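The block underneath contains the structure these notes are about, expressed in structure tokens.
The values are calculated or read from the model by the stated rules, or taken from the named source; none is laboratory data. Just so we're clear, the structure is a prediction, and the values are computed from it rather than from any experiment. Cβ: placed from backbone, ideal geometry, glycine included. Neighbour counts: every protein chain shown. These area figures cover heavy atoms from the full protein model, side chains too; ligands, DNA and RNA do not enter into them. Shrake-Rupley method; radii C 1.70, N 1.55, O 1.52, S 1.80 Å.
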Amino acid sequence: MTFLVKRLMVLAVTLFVVSFVVFLIPYLTPGDPARKILRARVGDLDADPEALAGLRETYGLDRPLLVQYGDWLGGALRGDLGLSYTSRTPVVDMLGGALTVTAVLAISTLLLALLVAVPLGSLAAVRRGTPVDTAITTVTQAFVAVPEYWLAPVLVLVFSLQLGVLPSAGWEGPASMVLPCLTLALRPMSYFTQVTRASMIDVLGSPHITAARARGLGFGATMLRHGVRNALLPVLTLFSLWLAGLLGGSVVVEVIFSIPGMGRLLYESVVNNDVPAIQAGIVSLVGLAVLITTLTDVVHAWVNPTVRAPHVSG
Amino acid sequence: MNALLTVDNLTVRAGADPATRILDGVSLTIHEGEVLALVGESGSGKSMTALALIRLLPAPLVAEAGALTVAGEDLLAAGERRMNAIRGGTIGMLFQQPKRMLDPTATVGAHVAEPLRRFGRLSRAAARRATVELLADVGIPEPRRRARAYAHQLSGGIAQRVMIATALAGQPRLLIADEPTTALDATVEAQILRLIAAKKAELGMSVLFISHDLRVVSAIADRIAVMYAGRIVEQGPAAELLAAPQHPYTRALVECSLLRPDEHGELYAIPGHAGPALSLTAGCRFQPRCAASHAARLEHQCAAAEPELAFSGGGSADHTTRCWVASPQAAPSHAAQPKEQV
Ligand SMILES: Nc1ncnc2c1ncn2[C@@H]1O[C@H](COP(=O)(O)OP(=O)(O)OP(=O)(O)O)[C@@H](O)[C@H]1O
Ligand SMILES: [Mg+2]
């Protein structure tokens, strides 16, 4: 229990620090914030001093920095992240939609990767040194090097244009998810397979497996009860790293498949200099990453007692 | 007394190569209720003997034997399913590093309950109760709390007691203990030895006790078999073998175990190293390190061929030695077939 409390406190502190740094972002780049807003809305016109003054007034830009930060943080805590400079709609709404899309995409991608990788990696480990193992190892090593901007068009060419079985773009229904998921899943699937294989080989050779067999447990039962859990620990860590990474959205995949996710949102906000959207996007991504790390630690502690329980001798 | 375990001519090879013999013609018998100690230095093949008996040799190693019988059952003919019932059922195993033998992600109780549920056909709740009883029975304090502990929370001694509880859960007829106290300190070692001896007496088990330490063995063994480079070189009643060792290697082991400094204040050590199983010749495996062979001017005979295990005048008839020096009455001409067993 104290373990969980400690992790949650770390989470809160991290978020606080990150929010301050993120808030400062627009002030770290040179230039008058009011001018930036104007440029974001109407393009690079000569600034009208009255309009600038009006903007400073609306957004409270001439108050001290810390006051502005307090204001922004207070709003953020109440779920108000301000209005987008460009669309003038609440940033929270834009973010919520994009984050949901990206989360669905990321989680299905990684579950797909895991579903393929764990049996494949285990098979390679059990058949270590045989042609099966060599094939799995070689192919996954090659897959790691396949770039998304190459794989996506190839998949579209085959499944959408030639076979006509899957949509080539958009985000409506499960069918539209297949190609983006496949594109994104190839690399994590390859890494998961390699890590599963390595850790499975490790576990297969560990003394407690021999001991379990010597107690009369068959090979399969031994693997299920005393192998898989141990072998999956490193895979779990890798999974959470990938999840945190993928929640940032993949610009390449989202742009190619026209998916309204985080990658596209962030990309467009940066291009348009939409400061509130950038701030909110980054804070929520970092927050999610820290949250996932925390969750991973909690799951880790649940699976691996050496993390959770104190070392007492006796 | 009836034989509980019979091993005849057990040979273990690494892969198909006939030159690599990690075990070579090992024959052992353990009677009901008897403790046989298997003694030899590191790498001599003691653990491989144990693993070959329960048919769990690691991948490239393969075993062949003329006979392998436990409690009247032919293990060579047993299928994998039957072997799973024999492992943990008829034969219990203890290992050298008890903490590493426990799954780090499973509780102590889960380990002990496993054979209880399989062999005793107990329900989950009944198995939990039996687990706590069994843990208390092997001298673990606070068994209820310990049942919920994990390997990293245990000392080596407690972990070995857990392993003993797990091994006894299937009520084995034979306990194979592979250096069960080597990783423990001396006081704990004595406690564990006493526990094994007590359980053996209580349950009427037979024990194959593997060790490299003659002092440990002298406390527990009825008979001793000495192994050198995959070969049994001497076998006999414990007291007699320790008091009157016949094979030069056994003598050297006894001398080492006494920890008696010579006139220069040095402890005795056997010169040289045991050769790897791969470089073995037709002769006696100990010959390159054997001072007795040299003194008796038998080097040629010893290097050319290996004698059979034979009576060597040690006292009782079942005290046998594989040595030209110790049993000169064995005719060298017999040595032409070193693989034949008596
Ligand atoms: N996979 C393997 N391939 C080839 N040789 C092996 C393999 N595993 C073990 N050996 C060899 O088998 C021999 C016997 O090993 P074993 O573990 O039985 O020795 P031991 O008598 O138990 O020694 P220790 O006292 O160190 O436990 C050693 O010389 C070792 O090098
Ligand atoms: Mg050993």
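Given (1) in contact (Cβ under 8 Å) with a residue 24 or more places away in the chain; (2) open to solvent by 70 Å² or more (accessible area, probe 1.4 Å), where does B:Arg129 come up short, assuming only one miss? Condition (1) is where B:Arg129 drops out.
Taking helices (runs of 4 or more DSSP H) that do not extend beyond the stretch B:151-245, which have at least 2 residues that are touching a residue at least 24 places away in the same chain (Cβ under 8 Å) and within 30 Å of B:Gln287 (Cβ to Cβ)? So that I can check it myself, show each step before the final result.
Details: elements: B:156-169, B:186-203, B:214-218, B:238-243.
Qualifying helices (runs of 4 or more DSSP H): B:214-218, B:238-243.
For the stretch B:115-159, the set of residues classified as under 25 Å from B:Lys200 (Cβ atoms), among the polar types (S, T, N, Q) and away from chain A (no Cβ under 12 Å) consists of B:Thr131 only.
Out of B:Pro60, B:Pro98, which single residue is over 13 Å from A:Arg213 (Cβ atoms) and open to solvent by less than 50 Å² (accessible area, probe 1.4 Å)? If you could, list the steps in order and put the result at the bottom.
Details: B:Pro60 fails: open to solvent by less than 50 Å² (accessible area, probe 1.4 Å).
That would be B:Pro98, the only listed residue that is over 13 Å from A:Arg213 (Cβ atoms) and open to solvent by less than 50 Å² (accessible area, probe 1.4 Å).
Every test in (1) buried (at least 17 other Cβ atoms within 10 Å of the Cβ); (2) at pLDDT 90 or above; (3) assigned to a helix (DSSP H, G or I) is passed by B:Gly139 save one, and that test is (3).
Filtering the stretch B:177-205 to residues that are within 18 Å of B:Val138 (Cα to Cα) and of a type in the set (Gly, Ala, Ser) leaves B:Ala177, B:Ala190, B:Ala197, B:Ala198, B:Ala201, B:Gly204.
Just to be sure, is A:Leu232 under 13 Å from the mean Cα position of the chain (by Cα) and modelled with pLDDT of 85 or more? Give the derivation first.
Details: under 13 Å from the mean Cα position of the chain (by Cα): no; modelled with pLDDT of 85 or more: yes.
So A:Leu232 does not fit the description; no.
Within the stretch A:103-115, the set of residues being crowded, with 17+ Cβ neighbours inside 10 Å and of a type in the set (Val, Ile, Thr) comprises just one member, A:Thr109.
Hey, does the stretch B:172-193 have a residue that's within 12 Å of chain A (Cβ to nearest Cβ), surrounded by fewer than 20 Cβ atoms within 10 Å (Cβ to Cβ) and of a type in the set (Ser, Thr, Tyr)? Within the stretch B:172-193 (the criterion being within 12 Å of chain A (Cβ to nearest Cβ), surrounded by fewer than 20 Cβ atoms within 10 Å (Cβ to Cβ) and of a type in the set (Ser, Thr, Tyr)), the answer is no, since none of the residues qualifies.
The number of residues in the stretch B:8-44 being open to solvent by less than 10 Å² (accessible area, probe 1.4 Å) and of a type in the set (Gly, Ala, Ser) comes to 4. Identify, please: which residue in the stretch A:211-229 is in a loop (DSSP other than H, G, I, E, B) and open to solvent by less than 10 Å² (accessible area, probe 1.4 Å) and is, among those, farthest from B:Ala177 (Cα to Cα)? Filtering the stretch A:211-229 for residues that are in a loop (DSSP other than H, G, I, E, B) and open to solvent by less than 10 Å² (accessible area, probe 1.4 Å), the one farthest from B:Ala177 (Cα to Cα) comes out as A:Leu217. For B:Thr166, the criteria (1) open to solvent by 10 Å² or more (accessible area, probe 1.4 Å); (2) within 11 Å of chain A (Cβ to nearest Cβ); (3) of a type outside the set (Gly, Ala, Ser) hold in every case but one, which is (1).
Among the candidates B:Ala110, B:Ala85, B:Ala63, single out the residue that is farther than 30 Å from B:Ala149 by Cα and not assigned by the TED database to the domain that holds B:Pro307.
Values: B:Ala110 fails: farther than 30 Å from B:Ala149 by Cα; B:Ala85 fails: farther than 30 Å from B:Ala149 by Cα.
Within the list B:Ala110, B:Ala85, B:Ala63, the selection yields B:Ala63.
How about the stretch A:8-38: which of its residues are of a type in the set (Lys, Arg) and open to solvent by 60 Å² or more (accessible area, probe 1.4 Å)?
Of the stretch A:8-38, the ones of a type in the set (Lys, Arg) are A:35-36.
Within the stretch A:8-38, A:Arg35 is the sole residue that qualifies.
If you go through the stretch B:92-113 and pick out every residue that is within 16 Å of ligand 1 (Cβ to nearest atom) and more than 8 Å from chain A (Cβ to nearest Cβ), you end up with 3.
When you check A:Phe192 against the structure, is it surrounded by fewer than 20 Cβ atoms within 10 Å (Cβ to Cβ) and among the aromatic types (Phe, Trp, Tyr), yes or no?
no
In the stretch B:44-67, what residues are near ligand 1 (Cβ under 8 Å from one of its atoms), without any contact (Cβ under 8 Å) to a residue 40 or more places away in the chain and over 11 Å from the mean Cα position of the chain (by Cα)? Across the stretch B:44-67, the qualifying residues are B:Pro58, B:Ala59. The residue list B:Gly89, B:Gly72 contains one member that is surrounded by fewer than 23 Cβ atoms within 10 Å (Cβ to Cβ) and either at negative phi or at the interface with chain A (Cβ under 8 Å from one of its Cβ atoms) (or both), which is B:Gly89.
Inside the stretch B:29-126, counting only helices (runs of 4 or more DSSP H) that do not spill past its ends, which hold 2 or more residues that are among the polar types (S, T, N, Q)?
On the way: elements: B:46-53, B:80-86, B:108-119.
Where helices (runs of 4 or more DSSP H) fall fully within the stretch B:29-126 and carry at least 2 residues being among the polar types (S, T, N, Q), they are B:46-53.
The set of residues from the stretch A:256-304 being within 14 Å of chain B (Cβ to nearest Cβ) and open to solvent by less than 50 Å² (accessible area, probe 1.4 Å) comprises A:His300, A:Ala301, A:Val303, A:Asn304. Just one of the listed residues (B:Leu116, B:Leu135, B:Leu122) is closer than 11 Å to B:Met163 by Cα and out of contact with any Ser or Thr (no Cβ under 6 Å at 6 or more places or on another chain), namely B:Leu135. Just one of the numbered conditions (1) within 16 Å of ligand 2 (Cβ to nearest atom); (2) more than 14 Å from chain A (Cβ to nearest Cβ) is not true of B:Ser47: (2). Quick check on the stretch B:14-28: of everything there that is within 14 Å of ligand 1 (Cβ to nearest atom) and in a strand (DSSP E or B), which residue is nearest to B:Ser218 (Cα to Cα)? Among those that are within 14 Å of ligand 1 (Cβ to nearest atom) and in a strand (DSSP E or B), it is B:Val26.
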